[in-house]
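**Student:** Have a look at this one.
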Amino acid sequence: MVDKGRSQQRLVLIDATVNTAKAAHVLGCHTVFVQQPGSRAQDLVDDQSGYYSLDFTGEAYASFVDEVLRPLNPTAVVSLSAAGITPAAVANELLSTPGTPTSVLTALAEGARPAVDANGRAVLVHSFTTGGVHELVSVAPRESLSDTQEQFGPEAILDSTEREAVSRALRELLDGAGLENGFVRAEVDLSGGTPRVVSIQHHVDDDEAALLRQLTGIDLTRRALEWPLQAPAAWPIAPSEGLGGNTR
């Protein structure tokens, strides 16, 4: 069911895929797409959409945000792609709209540490943070994510001790970086005795999101698009069992 208030909101999407565009359209808000030159606008837009072709990594981007996006009064600027995450963060900072600050993106990247053994055992972890509460969405073996057919959960991949240790390692990194809202995809190395987060990304891979939705019913793409549209007062600030307890 579409929130009637959404019809008054405007969501700017940077570097969207077709799947991301489809997910955005069902939210009920107006959509504005900012794509690199050469992208196929007809694959993304609907009757509620605006479209701009611009190199969002170039020097003219900040002026574009101020002169073009600001008058549109967007509710938020979002990107689910690796290339668009930082430009979206920059736009939200310029416009004072909800989003993960660039300083948090930098702190998360700097907080990841090299693996003890590049060929050792590791897992891929998907988590979602809302109002500072971190929810462990899925855990899968790094080597066999695309082959996973039935098991995609922490209980199926890790024993209770490993789950707590992985949760603690991820929670410490997210809290230390100051992540309040948003999605992360992390690789956690288990080969050194103590789990360590060795890489972290903020983009949503279409194939992984589809597999996760199929196996768990969780729609990461929609959640990643939808949280900036929520009123800040609605974001929960409470202890969570998802990553092993209170995140504060």
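The values are calculated or read from the model by the stated rules, or taken from the named source; none is laboratory data. Because the structure is predicted, anything quoted here is derived from the model rather than measured. When we count neighbours, we look across all protein chains shown, and the Cβ atoms used for this are built from the backbone with ideal geometry, even at glycine. Note: accessible area is taken over every heavy atom of the protein model, side chains too, but ligands, DNA and RNA are not part of it. Shrake-Rupley method; radii C 1.70, N 1.55, O 1.52, S 1.80 Å.
**Student:** Work out, step by step, the length gained on full extension between Leu72 and Asp206: first 0.36 nm times the residue separation, then minus their alpha carbon distance; give nm to one decimal.
**Tutor:** Length difference between fully extended and current span is 45.4 nm.
**Student:** Expressed as a whole percentage, what fraction of the accessible surface of the chain belongs to carbon and sulfur atoms when a 1.4 Å probe is rolled over the protein heavy atoms?
**Tutor:** In the chain, the share of accessible area belonging to carbon and sulfur is 48 percent.
**Student:** Let me ask something else about it. What length, rounded to one decimal in nm, is gained on full extension from Ser199 through to Val116, with 0.36 nm per residue of separation minus their alpha-carbon distance? If you can, show how the numbers build up before the last one.
**Tutor:** Numbers: separation 83, 0.36 × 83 = 29.88 nm, distance 1.27 nm.
Length gained, Ser199 through Val116: 28.6 nm.
**Student:** Compute the FRET efficiency between Asp43 and Asp175 as 1/(1 + (r/R0)^6), taking r as their Cβ-Cβ distance and R0 = 41 Å, and round to the nearest 0.05.
**Tutor:** Taking R0 as 41 Å, the efficiency between Asp43 and Asp175 is 0.60.
**Student:** Which of Ala91, Ala177, Ala224 ends up with the largest GNM mean-square fluctuation for the chain, with Cα atoms connected below 10 Å?
**Tutor:** Of Ala91, Ala177, Ala224, the Gaussian network model singles out Ala177 as fluctuating most.
**Student:** Now a separate question. Contour minus end-to-end for Ser96 and Glu164, with contour as 0.36 nm per residue of separation and end-to-end as the Cα-Cα distance?
**Tutor:** 20.9 nm
**Student:** If you don't mind, another one. Once the Cβ-Cβ distance between Val26 and Ser53 is put in as r, and R0 is 35 Å, what FRET efficiency do you end up with, to the nearest 0.05? Please list the in-between numbers first.
**Tutor:** Values: r = 24 Å, r/R0 = 0.70.
Step by step, r from the Cβ atoms, then E = 0.90.
**Student:** With point charges of +1 on the Cβ of Lys and Arg and -1 on the Cβ of Asp and Glu, referenced to the Cα centre of the chain, which listed residue (Leu229, Tyr52, Leu170) lies farthest in the positive direction of the dipole?
**Tutor:** Result: Leu229.
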